[in-house]
Structures are given as structure tokens and as C-alpha cells.
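These notes concern the structure reproduced below.
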Amino acid sequence: MSSIQSLSLNKAQTAQQRTVSAARDAIEGKVKGIRALLPFIGPAFIASIAYVDPGNFATNIQSGARFGYKMLWVIVLANLMAMLLQNMSAKLGIATGKSLPEVCREYMPRWLTILMWIVSELAAMATDLAEFLGATLALNLLVGIPMMYAVIIVGIVTYLILMLEKYGFRPLEKFIAAFAILIGLCYLVETILSKPDMVQIAYHSVTPWLGGKESIMLAVGVIGATVMPHAIFLHSSLTQNRIIPRNDGEKLKIQKYSTIEILIAMALAGFVNLAMMYMAASVFHPGQSNIADLTTAYHTLTPLLGSAAASVFLISLLASGLSSSVVGTMAGQVIMQGFVGFTIPVWLRRIVTMLPSMIIVALGVDPTITLVVSQVILSIVLPFPVIALIYFTQKKELMGVLANKKITTALSSLFALIILGLNVWLVVEIFIG
């Protein structure tokens, strides 16, 4: 290792130690307010990137273009689900010092653990496909790089970002949080430019509506794109050894700060998702309700709102694709190590996850259709980690003082039933209806 690398690692370790020290000061009540919260900011912002990945762009824009503001309530519901489930996942890591996949391996039968691993890996593959294709498409449209070359560039860039992990948790957390804020700012600009109907937004955000098979498929896709299986697995890993509690009192205080961070990060992700859909509703519906892919959306935005709006749209898509691809790879490592106890080098996983995207590009398959289908797959897989999370976080002997309250278990169980119900409805509509 060179002296420059050693110096960088030492600086990173010092920064990480300062973060832990600052967190200890907050736990002990030596600092208050925003200064007390700052050292706990990070895990939820990493997880929140999964909630604004390119799959969200595809499902939200299609929903808004096709059905106007009517599907906004699905995003609100999905975001409430996300807040609760991510909080439960973070709490599991704090309470047990283990990730959800590790807890599954320890307490579940071997055959069920293997089944969970296989299903989770399929979800991770669908996630990687969506994220890679989104970033690749954005790079292609933004600067004109051919799709095949764009896939390779995205793979290299995300690998370099992942290398920040060797400098500790803080640099990568800051990098991903910056991406999340950039995406939020992009959609603040899009909101100003698209001038949506605020009354319609308010009404349809709280008024449930479902039409025929197409709206049901998009609703399931929106939930699959918003409440992400791999994010549930990942969040418990991000909190398990970040700030290690020394007693029950510290567990409760760390969980308090974690909950605040989750509310902030998930609120930002929720705003972005709402903005995607109401921007599409305002600009494309009903005159351009046949918008079926992100390329058409980009080209249609230019004459309707100007080149600035179209460019901002692509910048947000590129930031989303790059950052969520990084998060997806992190989650894939957590899933493999937790369920079956081994890992593969990051560069190898990066190459393997690039291959499906390269095949899709080479075959000329519409990236947006692939994105929507991948999100439906994620929604169908979602009950597995959700049910496992509910089961383990309500166990007093495992969670101690952080075990779920009855209302938490009841609400999360209701959300699981809603997800299962929508999935059954979708299967019936597709194969029987």
C-alpha cells in the first residue's frame, strides 16, 4: 500500500472515529438538537436511494401519463409502508447487532433460509437490472453515448463509488446522501416548471382508486418500485455495528435518532416519487397519455417544457441510476453473506450484474418495459422479507426493549396483507381476467 493510500485510510478512520465520538456525545446528552442528530445521518439516506431508483421513474411516469393524478394515493401508501418497514429493519440491526439475512440464517430452518436466499437474489438481480438500465439510458440521452458503451461506463463508475467503502462508512454515506439531495432538487425544479394542480394532488393523495388490469399492474409496480426488498435487508446491516449500544438505554436513544433520520430520508424519497407522478400527470395527461417509455417522456418534455426541464429530468435519472446501483450491489453482498455466509469480490458481482443489462441492450428490448416488469417482480418478492421482518421484530427474546409494540405489528401486518392482496389481484387479472 502506498503512503498516499495509507494517509487516506488514516484520515477516513479518524473521520469515522469522530462520527462515533459525536454520536456518543449525543447519546450521553452532551449535545442537543441538529448537532446531536448529524452523526446518525447516513443509513436511511442510503436505503432511501432504493426508493427513487429508475424503476420508480418508469412506473410513476407511466401512471401519471395514463391516469393523471388518480394513482398518487398508491405512492403515499407505499411511502408510509416504507417508513414503518425501514424503521423496523434499522431497529433489528440496533437491537441484535445482526442483519435481517443473518437473523434468518440463525433462526430459520436450512431449507427456508436457502429459499429466502434464492428469492432475494432474484429480487437483487431485478433491482440491478432496473438501476443499470436507467443510468445507461440517461447517459445515452444526455450525452449521446451508445447504449452498449454506456452500460460499461455505468459499471466502471459504480464500481469506483463502491471503493469508498474501504475508507469506512462515512464517505460513502455522504456521497449517497448528496445524490439523494440532488435528485430532490431536480424534482423541485420540475415541480416549478410543470405547474401541477395542487388541489388535485391533495385530493388524489388520500383518495384510493383502481381501474382495470393496467392500473392494477402499475399500482403493484409502484409499490414494488417504492418498497424495495433489498432495502429492507440492507438497512439492518447499515445499523448493526455503526454505533454499538452498551445497554438498553443506549439502544432506545440510538433508535430515536434513527427514527428521525428515517422520517427525513423517506419524506424526501416520498416527495420525489410524488413529483415524478404529478409532473407526468400535469404535462402528459390526457393529451400525451400514450407515453410508454422514458425516452419518449424525455423527447416530449423538450417541446412542452423546454430543454432545461428535459435535461434536469435526465440528470435526476442518471443520479438515481448510479447511486441506486451502488446501493443495490451493497445489498446483494449483505444478502449473500447473511443467508449463506460467503461473499464474492465486488468487481465480480459488478460484472455479473452488468450482464443482464448488456443482453437487454444487445437484443434491443425496450428498457422502460423491462423496468416496469422488474418492479412487478420486486413487488411479488416483497412479502418474503416483510413477513420475516415482522416475525423477528415482535419477538421480545430477540429484540429486548426494541421489540415491536402491538400497534407496530398490527400496522406492518396490514401492509403485508395489502401487498399480498394486490399481488393476488394482479395474477388473477393477468391469467384469468
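The values are calculated or read from the model by the stated rules, or taken from the named source; none is laboratory data. Since we're looking at a predicted model, the values are computed, not measured. Here the Cβ positions follow ideal geometry from the backbone for every residue, glycine too, while neighbour counts run over all protein chains shown.
Please work out which residue is nearest to LEU77 (Cα to Cα), limiting yourself to the stretch 195-222 and to residues that are touching a residue at least 24 places away in the same chain (Cβ under 8 Å) and β-branched (Val, Ile, Thr).
The qualifying residue nearest to LEU77 (Cα to Cα) is VAL206.
Among the numbered criteria (1) farther than 28 Å from SER413 by Cα; (2) hydrophobic (A, V, I, L, M, F, W, C); (3) modelled with pLDDT under 85, which single criterion is violated by ALA26?
(3)
Can you tell me which residue is farthest from GLY42 (Cα to Cα) among those in the stretch 245-286 that are of a type outside the set (Lys, Arg) and not in a helix (DSSP H, G or I)?
Among them, the one singled out is PRO286.
Among the residues of the stretch 213-250, which ones are touching a Gly at 6+ places or on another chain (Cβ under 7 Å) and of a type in the set (D, E, K, R)?
LYS213, ASP248
May I ask you to verify whether THR158 is out of contact with any strand residue (DSSP E or B) (no Cβ under 6 Å at 6 or more places or on another chain), at pLDDT below 80 and either within 22 Å of VAL352 (Cα to Cα) or not acidic (Asp, Glu) (or both)? Walk me through how you get there before you give the answer.
Values: out of contact with any strand residue (DSSP E or B) (no Cβ under 6 Å at 6 or more places or on another chain): yes; at pLDDT below 80: no; either within 22 Å of VAL352 (Cα to Cα) or not acidic (Asp, Glu) (or both): yes.
Criteria not met by THR158.
Within the stretch 123-141, can one find any residue that is in contact with a Leu (Cβ under 7 Å, 6 or more places away or on another chain), touching a residue at least 40 places away in the same chain (Cβ under 8 Å) and not in a helix (DSSP H, G or I)? Please lay out each step first, then the result.
As a first pass, look at the stretch 123-141 and keep what is in contact with a Leu (Cβ under 7 Å, 6 or more places away or on another chain): 123, 126-127, 130, 133-135, 137-139, 141.
So of that shortlist, the ones also touching a residue at least 40 places away in the same chain (Cβ under 8 Å) come out as 123, 126-127, 130, 133-135, 137-139, 141.
Filter once more, keeping what is not in a helix (DSSP H, G or I): none.
Among the residues of the stretch 123-141, not one is in contact with a Leu (Cβ under 7 Å, 6 or more places away or on another chain), touching a residue at least 40 places away in the same chain (Cβ under 8 Å) and not in a helix (DSSP H, G or I), which makes the answer no.
Does ARG242 meet the test of being buried (at least 20 other Cβ atoms within 10 Å of the Cβ) and in a loop (DSSP other than H, G, I, E, B)? So that I can check it myself, show each step before the final result.
Working: buried (at least 20 other Cβ atoms within 10 Å of the Cβ): yes; in a loop (DSSP other than H, G, I, E, B): yes.
Yes.
Specify the residue that is surrounded by the fewest Cβ atoms within 10 Å (Cβ to Cβ); the eligible residues are those in the stretch 388-429 that are modelled with pLDDT of 90 or more and under 20 Å from the mean Cα position of the chain (by Cα). Outline the logic, then answer.
At the first step, the residues of the stretch 388-429 found to be modelled with pLDDT of 90 or more are 388-414.
Those still in the list that are under 20 Å from the mean Cα position of the chain (by Cα) too: 388-390, 412.
Values: ALA388: 22, LEU389: 26, ILE390: 20, SER412: 22.
By that ranking, first place goes to ILE390.
Going by the conditions given, is ALA47 of a type outside the set (Lys, Arg), surrounded by fewer than 24 Cβ atoms within 10 Å (Cβ to Cβ) and either within 17 Å of GLU173 (Cβ to Cβ) or within 26 Å of the chain's Cα centre (by Cα) (or both)? Spell out how you get there, then give the answer.
Details: of a type outside the set (Lys, Arg): yes; surrounded by fewer than 24 Cβ atoms within 10 Å (Cβ to Cβ): no; either within 17 Å of GLU173 (Cβ to Cβ) or within 26 Å of the chain's Cα centre (by Cα) (or both): yes.
No, not satisfied.
Just to verify a result, which residue in the stretch 176-235, among those that are of a type in the set (Ser, Thr, Tyr) and in a helix (DSSP H, G or I), is farthest from ASN60 (Cα to Cα)? Please lay out each step first, then the result.
Residues of the stretch 176-235 that are of a type in the set (Ser, Thr, Tyr), as a first pass: 187, 191, 194, 203, 205, 207, 215, 226.
Retained after the next criterion (residues that are in a helix (DSSP H, G or I)): 187, 191, 194, 203, 215, 226.
Working: TYR187: 13, THR191: 14, SER194: 15, TYR203: 18, SER215: 11, THR226: 10 Å.
Going through the qualifying residues, I end up with TYR203.
Can you pull out the helices (runs of 4 or more DSSP H) entirely within the stretch 47-107 that have at least 3 residues that are more than 29 Å from LYS405 (Cβ to Cβ) and in contact with a Leu (Cβ under 6 Å, 6 or more places away or on another chain)?
Helices (runs of 4 or more DSSP H) meeting the threshold: 54-67.
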